[in-house]
Amino acid sequence: MGLNKEQIAQRIAKELQNGFYVNLGIGIPTLVANYIPDGVNVVLQSENGLLGMGPFPFEGEEDADLINAGKQTITTLPGSAFFDSAMSFGMIRAGKVDLTVLGAMEVADNGDIANWKIPGKMVKGMGGAMDLVAAAKNIIVAMQHTNPKGESKLLSKCTLPLTGIKCVKKVVTDLGVFDIIADGFRCLEHAPGVTLDEIKAKTAGRLVIDDDVKEMVF
Amino acid sequence: MNKVVANADEAIKGIESGMTLMLGGFGLCGIPENCIAALVRKGVNNLTCISNNAGVDDFGIGLMLQQKQVKKMISSYVGENAEFERQLLSGELEVELIPQGTLATRCMASGYGMPAVYLLAGVGTEVAEGKEVRNFNGKDYLLEYAFDSDFAIVKAWKGDAQGNLVFKDTARNFNPMMAMAGKITIAEVEELVPVGELHPNEIHTPGIYVHHIFQGKDYEKRIEQRTTRKKN
């Protein structure tokens, strides 16, 4: 048994460092905000124009003018700041955001990512994903290791239209944690109860397994 | 200097079929509700709309899609709209999807009088097809052109007769740079205040960019994803 979505988010939260400005994408990445370690202060950036995103509002206190990039009602925190969309992507483009966490349909062993379009099906658009992956200093992908058909999402080459090239630094899946290095996906940790053989079998891209792969600790 | 018009119908009087419009807002947040309703009443069609999103089926730009007034949408994200999907798949609607930051910056370039900018987003993807690529300091960038639009329609929180605007919270989003980018800019505001009431320090968009302004009414301000937490 691999990790559930909450555990993937919990593992990624351990990557947060004090003082980071962080952009969390929709889905599993949003859950990371629930597991920020004690003593680590980060500022969440929402690309629709907010730094210092707070928790959801209490019932009855929702404000239609205050939403996050997922269109959810949110709140501000002491020290929050609003700005327009050009400045928002300006700070992203200029590399001011330390970490971006986003979901993906496919990741290649050279760091390419595909997460915005499935040809022939409804195309919803890339939103801010292409801007984020092109510019962020550090990109972690949170996703399931395989698709619903059981096929690997860690590939040697993406088959879907790309969102960005050679940009992903780390992938956290239900099976393990992988850095992307010149030789491919370097397995750093495996999920409790998941064998390295299972990871090998379910990884289509180049995989590097060192002798000292650790079991994930929560 | 008095840029006040009576209402949305008067504000959009100059908009004709076939024009290119910019519409502010992110999702349904900060959209010009009154002007969209007036455009639906007027029935202009064959429009090209530049807007981050395309509304939902029965609200926002979705209302114009229902009436088949839109020929082409230029957006970054268009989910959450079944009629949009139907028109796209049937070929009735043309859609150009571009990265959100590129959309914002192409508006900004227009408002700052810059013909084009070099941007990172989309390098190596299908977004880059047909675009000039130039390398700066070892990195490739795409040449992206400033938008050209006939009218920009924005929604602000407060404004005055000189066209000065203040936006609220994340309802600011694309509104300020679209206000700067329109050949003619229409601003609808929740509250039209006397000139002098807005402190010069707090003005987000100076009135020079705004041509027509009016106090909107009956704002629905629909919430797409109402998310809350329980007390304790």
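We did not get these values from a lab; they are worked out from the coordinates using the rules stated. Predicted model only: the values in this text are computed from it and were never measured. Counting neighbours? That spans all protein chains shown, and the Cβs are built from the backbone with ideal geometry, glycine included.
Taking amide H as placed 1.01 Å from N in the peptide plane, the amide H of A:Leu162 sits under 5 Å from that of B:Glu126, each at least 5 places away or on another chain. With a/c under 1.5 counting as rounded, go ahead and sort segment A:103-167 into rounded, prolate or oblate using the C-alpha gyration tensor (a ≥ b ≥ c being the square roots of the eigenvalues; past the cut-off, prolate if a/b is larger than b/c, else oblate). Oblate is the answer for segment A:103-167, as a/c is 1.5 or above yet b/c matches or exceeds a/b. Here the peptides A:35-47, A:153-165 are ranked by packing, the mean other Cβ count within 10 Å, and the order with the highest first is A:153-165, A:35-47. For segment A:1-85, rounded, prolate or oblate, judged on the Cα gyration tensor with a ≥ b ≥ c (square roots of eigenvalues), a/c < 1.5 rounded, else prolate if a/b > b/c? Cα axes put segment A:1-85 in the prolate bin.
When the listed pairs A:Lys121/B:Lys72; B:Lys68/B:Lys183; B:Lys68/B:Lys131 are checked against a 27 Å cut-off, the alpha-carbon distance exceeds it for B:Lys68/B:Lys131.
For the pairs A:Lys170/A:Lys200; A:Lys149/A:Lys202; A:Lys5/B:Lys231, note any where the Cα-Cα span goes beyond 19 Å.
Working: A:Lys170/A:Lys200 17 Å; A:Lys149/A:Lys202 12 Å; A:Lys5/B:Lys231 25 Å.
Beyond 19 Å between Cα atoms: A:Lys5/B:Lys231.
Bridgeable aspartates and glutamates around B:Lys13 (alpha carbons under 19 Å apart, same-chain partners fewer than 8 residues away excluded): B:Glu33, B:Asp150, B:Glu188. Here is the list for segment B:152-227: GluC sites (Glu not before Pro) lying in DSSP coil, each with at most 14 other C-beta atoms within 10 angstrom of its C-beta, are B:Glu197, B:Glu220.
For A:Gly128, the amide hydrogen comes within under 5 Å of the amide hydrogens of B:Gln100, counting only partners 5 or more places away or on other chains and with H modelled in the peptide plane. Over chain A, the fraction of Cα-Cα pairs per 10 Å bin, rounded to whole percents and listed from the shortest bin up, is 8, 34, 36, 18, 4, 0. Expressed as a whole number of Å, what is the distance separating the alpha-carbon centroids of segment B:168-214 and segment B:113-156? Segment B:113-156 and segment B:168-214 have Cα centres separated by 25 Å. For segment A:74-91, 3J(HN,Hα) computed residue by residue from phi via the Karplus equation (6.51, -1.76, 1.60; θ = phi - 60°) reads 9, 9, 9, 10, x, x, 5, 9, 9, 7, 8, 5, 5, 5, 4, 7, x, 5 Hz, glycine and proline entered as x.
Sequence-ordered 3J(HN,Hα) estimates for segment A:113-120 from the Karplus curve with 6.51, -1.76 and 1.60 and θ = phi - 60° stand at 9, 10, 8, 10, 7, 10, x, x Hz, glycine and proline given as x.
Per-residue 3J(HN,Hα) values for segment A:43-60, derived from phi via the Karplus relation 6.51 cos²θ - 1.76 cosθ + 1.60 with θ = phi - 60°, read 10, 8, 9, 10, 6, 7, x, 8, 10, x, 6, x, x, 4, x, 5, 3, x Hz in sequence order (x marks Gly and Pro).
Remark: A:Met1, B:Met177 ranked as A:Met1, B:Met177, counting other beta-carbon atoms within 10 Å and listing the fewest first. Distance between the C-alpha centres of segment A:1-68 and segment B:1-38: 35 Å, rounded to the whole angstrom. Rounded to the nearest 20, the Cβ-based charge dipole of segment A:5-215 about its Cα centre (Lys and Arg +1, Asp and Glu -1) stands at 740 debye. Mean-square fluctuations from a GNM of chain A, with a 10 angstrom spring cutoff on Cα atoms, peak among A:Gln72, A:Gln17, A:Gln144 at A:Gln72. Based on alpha-carbon atoms, the Kirkwood radius and the radius of gyration of the protein assembly as shown give Rg/Rh equal to 0.99.
Counting Cβ atoms of other protein chains within 10 Å of each residue's Cβ and taking the mean over peptide A:183-192 gives 0. Where the centroid of each part is defined by its Cα atoms, how far is segment A:69-87 from segment B:46-108 in Å? Using only Cα atoms, the two centres lie 24 Å from each other. Ordered by the number of other Cβ atoms lying within 10 Å of each residue's own Cβ, fewest first, A:Val101, B:Val95, A:Val171 fall into the sequence B:Val95, A:Val171, A:Val101.
Taking the Cα atoms of segment B:80-232, the ratio Rg/Rh between the radius of gyration and the Kirkwood radius comes to 1.05.
How would A:Lys200, A:Lys117, B:Lys230 line up from fewest to most surrounding beta-carbon atoms within 10 angstrom? Let's see the in-between values first.
Working: A:Lys200 11, A:Lys117 20, B:Lys230 7.
Arranged by neighbour count, lowest to highest, A:Lys200, A:Lys117, B:Lys230 become B:Lys230, A:Lys200, A:Lys117.
Each Lys and Arg contributes +1 and each Asp and Glu -1, all at the Cβ; summed about the Cα centre of chain B, the dipole is approximately 440 debye.
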